[in-house]
Amino acid sequence: MCVQEESPKRPVVLGAKTDHYWLVQRMAKANGVDLVRASETEVLDQETWSEVVTRCRACVWAEGCARWLDMSDDAERPAPENCLNRQKMDAIRRALEK
């Protein structure tokens with residue numbers, strides 16, 4: 001009996017580093033997450049920061065994210081359900097509140 005392997009998945013095409021760096025910055029601000037303070041207090045290390053930006057770069061909802069951020073009324077709000085970094089942003093914000 002021959003067992004076929006699943007076909008390999010297509011690699012994810014990552015978005016531009018700079019564009020997603022700024023999207024993450026904007027999302028953090030919208031979520032009330034102080035990334036500078038998170039870094040200074042070691043809540044957010046360089047490896048985790050890199051993972052957050054890379055996760056954003058892999059997101060297929062980036063255009064929707066940019067539109068969501070553009071609709072801001074400057075009030076803090078949770079990240080949309082579609083955000084791949086929603087849980088991470090929540091965790092950083094909670095850690096900073098302690």
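Among the residues of segment 52-84, which ones are in contact with a helix residue (DSSP H, G or I) (Cβ under 8 Å, 6 or more places away or on another chain), open to solvent by 30 Å² or more (accessible area, probe 1.4 Å) and not in a helix (DSSP H, G or I)?
Within segment 52-84, 72, 76, 77, 78, 82, 84 qualify.
Which count do you get for residues in segment 5-51 that are among the acidic types (Asp, Glu) and surrounded by 11 or more Cβ atoms within 10 Å (Cβ to Cβ)? Steps first, please.
Step one: of segment 5-51, the residues among the acidic types (Asp, Glu) are 5-6, 19, 34, 40, 42, 45, 47, 51.
Subset that is surrounded by 11 or more Cβ atoms within 10 Å (Cβ to Cβ): 19, 34, 45, 51.
Qualifying residue count, segment 5-51: 4.
The values are calculated or read from the model by the stated rules, or taken from the named source; none is laboratory data. Note that the structure is a prediction, hence the values are computed from the model and not measured. So basically every Cβ, Gly included, is an ideal-geometry build from the backbone, and we count neighbours across all protein chains shown. These accessible areas exclude ligands, DNA and RNA; they are computed on the full protein's heavy atoms, side chains included. Shrake-Rupley method; radii C 1.70, N 1.55, O 1.52, S 1.80 Å.
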